[in-house]
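The values are calculated or read from the model by the stated rules, or taken from the named source; none is laboratory data. These numbers come from a predicted model, not from an experiment. Every residue, glycine as well, gets a Cβ built from its backbone with ideal geometry; the counts of neighbours run over all protein chains shown.
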Amino acid sequence: MEVDSGSAFSILNENTWMQLHPRTILDIMPNKLRTWNNSPVQVMGQATVQVQFKDIKCNLNVVIAKGTGPNLLGRNWFKALDITLNTIHMIDIDLTDIDKVLNKYNTVFREGLGTYRGNPVNIQIKPNTVPKFLKARPVPFALKERIEKEIDRLVGEGVLRPISFSEWATPVVPIVKKNGDIRLCGDYRSTVNQATESDTYPMPTASEVFAVITGGSYYTTLDLDRAYTQVVVTDATAKFLTLNTCKGLYTVHRLAFGVKACPGIFQRLMTALLAGIPGVAVLIDDIIISGRTLTEMTQRLEIVLDRIERAGLRLNKDKCKFAKRRVEFLGFVIDADGIHPAQSKVESILKTPEPKNIQQLQAFLGLYNFYERFIPHKATILEPLHRLLDKSQMWQWTDREQNSFDTAKRLLSSELTLVHYDLNKPLVLTCDSSEYGVGAVLSHIMEDGTERPVAMGSRTLHAHERRYSQLDKEATAIIFGVVKFHNYLMGRPFTIVTDHKPLLGIFDPQKPMPAILSPRLTRIALILTSHNYNIVYKPGRLIGNADGLSRWPQPVPDQPEQQHCDVLLMAETPADFPVDVDLIASATKRDRTLSRVSHYVLSGWPDRVTDSELRPYWLHRTELSFHEECILFGCRVVVPPSLREPCLGALHKTHAGVVQTKALARSYVWWPQLNHDIEVLVGECSKCLENRHMPPKTSCEWITPTKPWSRINVDFAGPFQNKTFLIVVDAYSRWPEVFIVNNMTSGTVIRHLRNMFATHGLCETLVSDNGTAFVSTEMKIFLEANKIKHVTTAPYHPATNGLAERMVQTIKDKLRKMDDIPWDIKLPNILLGLRVTPCTATKKSPAELLMNRRLRTLLDTLHPDNRQQRKRTQQIISNAQKINRESETGQNVMYRNYGNGPRWLPGTIVNRNGPSSYEITTEDGSLINRHIDQLINRRQSEMSAITRREDEEMSKKQDITDNSEIMDNDLAEEITGYNLEKDKTDNEVREEIIEIPSQEKWAEMLGIPTNMEVTYSGGKIRNKMNVHSKLPYERPSNNFIA
């Protein structure tokens, strides 16, 4: 009861009185009562009750009022119960100071989207995560325009930006608000949430929050408007959060609703923003401020608003409460006396009516037994109720059972302790539904493994909700619990417990949302995506706590709670359509079986059904619901037997096939054996039979070879572009060979086969068509001699040689696209491309399967060399740096002579032109320029100097030449002083003459018989040597190819 010193009478509302003393006769109340605003109070009467307060017991008068208003403790009980009110001194500050602060910082309450002025947020993804791109989902035509407007609005606010390409894409799902507006949500369950870890920033515990605000007498609570959307993310994160919409791809440049990492990120941001302010606590987007006096609380509020304004954030003023004595925060009522559980948590238990049958009594006992650890002498108190569970006893509710029931409730309401909400203890949300209510219990798992309730709630289903299928009712119970306990669940992991297994496949966060789902379940699934949860199944007997609340729900409130309405798109029925909704509703009422189905859908199905006509409906009982006098199977109408024939005719009006007719039916109607009826209808349709296509071809595939080059397929192609081709394909590796031939004779085929067999070996089987070149006697002799099995195709059935036929088409397509390229270039390029491209069937390239290696192409030069090549480069640089010679002016040297005469000539250095370039005077007095590498100190032996210099020069040039692919000309010149391009140019002008051994020495070195001739010019070879054998060629005695 609430203490009201302004009321002369103590008052109980009608519901509380009926729970405490339902059989007591009331006395007439002679006085007329009015509220503080002069509204009349509807009085039922008055009664005398026994009241106990501390050690005082007395009989006092109480007034009973109609409705569900608050229970008041008036002045007429104060003296009898020795209740004294504490007086306070008048404060010297009024609430106008709060208004001044709010006016000073009115920008934080301004409409529009705020923007956090800190650094953009970056969401980390797991290592080695493969990007996921999910296609956009189709949207209803009636919503498309509103969805596009909402996208344009978000683009205008800077939340979304269009993009043409993205590796990540999350489908967007539109939600229709009550006012008709569209809210865009991303289904991040299958994309972002699987690729990111939850932010590990620690959430403040309830004890930490209460410790910060302890000692306060005035409280203010603030709520951020669209909290996540006010925080900007980095460009990389924006691409990661990309949405795939009906208008294309859009990057999301603000924190997105539904990403599980956002709560931790936002908590870190808000904690840093409000750090250091005494008496201020924050949990995600909820802020509470306390003060011992109104002045202190006002000063702290001003500091908080100043920081929020400088941060660029906005508040939702409608959800803020300023300078209150009592506030509700995190599900607790906080005032100067301490922290109390909210009264709403236990109201559902206090308002439980008496049971009318065994099932309702079992539900009540299941709820009561869950909290038995808090109730002393439970077995004694409930003994009369347990007797009613005996099946041999007749149900009879007497005063004895009523007293036991009332006592149990009274003890439950007075002694039950709800544990404090603790962010460090695991959370369990147990949900259940009955025929007429839903219930949910939020519990903590304690250190000893037991579950202790934190909060509980239930409500009665509305009239239209009672017609839901059991699947929808159980889903409604889950969303009721999640929405009711949103402040407890948001931003932390929890477990949903249900006794309905089909919900696990729909709401499992590890699985993508089913493609076909009713609008109601789609809406619920999207709301759940913003939470970090998992869902488990428990039998109904193990969740008696929630089951009891659902079977004893609170009455339907006078003002229904706000709900998101499902949108149903309905098309007008054509005038010539043989069936309409009125006919279906009328036929459903007349049909005996469907009438029973309607009854079971509304009142509940039995545990077992033996009737063969009801059995098909009982198997799908969880998907059945009742709407507008019609039975629905999910979103499909159940058609009565009398209307099924015209309905089938309408489905097959366009003479579609079985598959398409079934697909059409699955979008609109359902009845048992629907698929069979469609198959019979289409199979007996005369129009379809008269105009049907050829029957499907039989599938007879070749047995896949187990090794390369065991079976080859050959065929001719052309004339194409004035040329004829012989095409050969290895059936194992798909290795192609293409030869341009002048004729299609057996001799030509055999000649090319011999060349291929010389490279790859003999095949075991050769497959061809019945062309003359392949079935001739000459070809037969050749194949028999080489022990090759020949398989020919059936006449007019080229599919038998499908591998070669497919390759013919491939070659023609590629040649047609490369028509402007010469033949000697395009055909080798086509073959190389086919040989190195992985096959879709084998997942490997033909070269890898046939040769067990990859062929080198120009594409290989794009990849940087590996570690060994880099080491080689460093070694060359290191070796080059070690050779760093210098010469001085006046020094006698031998310089390299590139003219006629000796290779090295004497000279003297007269000047240094650069770091490695010198000016030299020759013996005849002329001046020439030479590089340091073209000079030899004359103090060394000329022959040793020449030999060593040549070795070093050749080694260096060889290193540079070998590594020319990894070192460009500038790098080589910088390291060694050589200019590769210049050196090549010089070589084009002059030919370096190399001394060679005599003819006999060459024969000995190369292992050539002495009777072979070596052609050379003047004892010197100029860049090449031609060797012609004079030995007659003899065929080997052992033939490898016949």
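Remarks
- Test for Glu167: is it modelled with pLDDT of 90 or more, acidic (Asp, Glu) and more than 19 Å from Gln230 (Cβ to Cβ): yes
- Breaking point among (1) in contact with a Ser or Thr (Cβ under 8 Å, 6 or more places away or on another chain); (2) at pLDDT 85 or above; (3) among the hydrophobic types (A, V, I, L, M, F, W, C), for Phe739: (1)
- Residues (among the β-branched types (Val, Ile, Thr) and modelled with pLDDT under 80) located in region 413-436: Thr417, Val419
- Here Asp82 fits the description: at pLDDT below 80 and either part of a strand (DSSP E or B) or farther than 21 Å from Ala336 by Cβ (or both).
- Just one of the listed residues (Asp235, Asp286, Asp223) is modelled with pLDDT of 85 or more, closer than 30 Å to Ser166 by Cα and among the acidic types (Asp, Glu), and it is Asp235.
- Among the residues of region 278-300, those that are part of a loop (DSSP other than H, G, I, E, B) and closer than 18 Å to Met203 by Cα comprise Gly279, Ile284, Asp285.
- Qualifying positions in region 904-920 - loosely packed, with under 15 Cβ neighbours inside 10 Å and either over 23 Å from Glu886 (Cβ atoms) or of a type in the set (S, T, N, Q) (or both): Asn911, Asn913, Ser917
- Any pair with Cβ under 6 angstrom, 6 or more apart, that starts in region 311-330 at a residue that is assigned to a helix (DSSP H, G or I) and ends at one that is among the aliphatic types (A, V, I, L, M): Ala311/Leu273
For every residue, the table says whether it meets (1) without any contact (Cβ under 8 Å) to a residue 60 or more places away in the chain; (2) more than 25 Å from Leu850 (Cβ to Cβ); (3) aliphatic (A, V, I, L, M).
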| site | (1), (2), (3) |
| --- | --- |
| Ala656 | yes, yes, yes |
| Ile678 | yes, yes, yes |
| Cys688 | yes, yes, no |
| Arg692 | yes, yes, no |
| Lys707 | yes, no, no |
| Phe720 | no, yes, no |
| Ile740 | no, no, yes |
| Leu753 | yes, no, yes |
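Residue by residue, here is whether (1) of a type outside the set (Val, Ile, Thr); (2) closer than 26 Å to Arg137 by Cβ; (3) in contact (Cβ under 8 Å) with a residue 12 or more places away in the chain holds:
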residue: Gly449; (1), (2), (3): yes, no, no
residue: Val483; (1), (2), (3): no, yes, yes
residue: Phe494; (1), (2), (3): yes, no, yes
residue: Lys501; (1), (2), (3): yes, no, yes
residue: Asp508; (1), (2), (3): yes, yes, yes
residue: Leu521; (1), (2), (3): yes, yes, yes
residue: Ile527; (1), (2), (3): no, yes, yes
residue: Tyr533; (1), (2), (3): yes, yes, yes
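- Scanning region 213-249 for residues that are under 15 Å from Thr115 (Cα atoms) and in contact with a Cys (Cβ under 6 Å, 6 or more places away or on another chain) returns a single hit, Tyr228.
- Given (1) part of a strand (DSSP E or B); (2) in contact with a helix residue (DSSP H, G or I) (Cβ under 7 Å, 6 or more places away or on another chain); (3) of a type outside the set (Lys, Arg), number of the condition Ser166 does not satisfy: (1)
- First in region 397-408 and farther than 19 Å from Gln359 by Cα, second anywhere and among the hydrophobic types (A, V, I, L, M, F, W, C), Cβ under 6 Å, 6 or more apart: Thr407/Ile381
- Residue count, region 636-652 (criterion: in contact (Cβ under 8 Å) with a residue 60 or more places away in the chain and closer than 13 Å to Leu583 by Cβ): 5
- Only helices (runs of 4 or more DSSP H) whose full extent lies in region 473-535 are considered here, and the ones with at least 2 residues that are over 19 Å from Gly264 (Cβ atoms) and charged (D, E, K, R) are 519-528.
- A single member of Ile182, Ile175, Ile163 is free of Cβ contacts under 8 Å to residues at least 40 places away in the same chain and at negative phi, and it is Ile182.
- Against the list (1) farther than 30 Å from Thr220 by Cα; (2) surrounded by fewer than 19 Cβ atoms within 10 Å (Cβ to Cβ); (3) touching a residue at least 24 places away in the same chain (Cβ under 8 Å); (4) of a type outside the set (A, V, I, L, M), the condition Asp152 fails is (3).
- For Gly186, the stated conditions do not hold, so it cannot be described as touching a His at 6+ places or on another chain (Cβ under 7 Å), assigned by TED's automatic domain parsing to the domain that holds Pro120 and of a type in the set (Gly, Ala, Ser).
- The one condition in (1) at pLDDT below 85; (2) touching a strand residue (DSSP E or B) at 6+ places or on another chain (Cβ under 7 Å); (3) not hydroxyl-bearing (Ser, Thr, Tyr) that Gly907 fails to fulfil: (1)
- Test: Leu927 is modelled with pLDDT of 85 or more and not β-branched (Val, Ile, Thr): yes
- Within region 445-459, restricting attention to residues that are crowded, with 18+ Cβ neighbours inside 10 Å and in contact with a Pro (Cβ under 7 Å, 6 or more places away or on another chain), the residue that is modelled with the lowest pLDDT is Ser458.
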